[in-house]
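Before any comments, here is the structure.
Only the coordinates and a few stated rules stand behind these numbers; no lab work does. These numbers come from a predicted model, not from an experiment. No Cβ is skipped: glycine too gets one built from the backbone with ideal geometry, and neighbour counts run over all protein chains shown.
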Amino acid sequence: MENYKKTKIVEKPCLHPFTNLPPDIIEMKVKDGSKIRNLMGYAISKMELDSVRQILFTGSGKAVSKTIMCVEIMKRRLKELHQITKVLFRQIKEIWEPIVPEAGLDTLTVKRNIPAICVLLSKDALNPQEPGYQAPGSFDAFCIETLAAESQGQVKRKHGRGRGAGSTGKHPHFTGGAPREPCAKS
């Protein structure tokens, strides 16, 4: 690709996976360079108003993880939010032209499918039969069960340094021989 330069990017319009959304819904378009503090300051201030019932977060490519982070922060700050998540792909077409047209190289067209996510958060109940639905507090209940199981010793964990007893290994502080005394747990 060193003989080519990108001359044009054509983005195929992506339809929203949600139908019947109000026309005045707040849509937070998360970009790779967006600051979470700025996004969340605006989104939380709007969702704290009684007149705003829903908010839509969208992001694609490198911004997918940032979009999910914003949604999780919102759910922690404002309890009792219903969530529907949709994952989709945006299609982008890149046109690459040769740097030296006389070289006899053809123009290249590259189509890319970029992952995208749309998350609808609502103060009102949403359809629980909709794929991607998460009820308010459903993740918190899972965390509580997991922590309870760990505290009762039901979850087994491996102990040790990953080397057999008496192994010399390559670590400079490990001389082999008799096993060391285990560290005291605090």
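Observations on the structure shown:
- Rounded to whole Hz, the Karplus (6.51, -1.76, 1.60) HN-Hα couplings of the range 121-130, x for glycine and proline: 10, 9, 6, 8, 5, 10, 5, x, 7, 5
- Packing-based order for 51-57, 101-107, using average beta carbon neighbours within 10 Å, highest first: 51-57, 101-107
- Where a label projected 7 Å from the Cα of residue 112 along Cα→Cβ would reach, residues of the range 13-48 with amide N under 14 Å: 32
- Computed extension gain for residue 38 through residue 123, at 0.36 nm per residue and net of the alpha carbon distance, reaches 28.4 nm.
- Sorted peptide list for 13-21, 76-84, criterion being average Cβ within 10 angstrom, highest first: 76-84, 13-21
- For the peptides 126-137, 86-97, the ranking by packing is 86-97, 126-137, with the highest mean count of neighbouring Cβ atoms within 10 Å listed first.
- The modelled label-to-label distance for the pair residue 102/residue 89, using points 7 Å beyond Cα in the direction of Cβ, is 4.1 nm.
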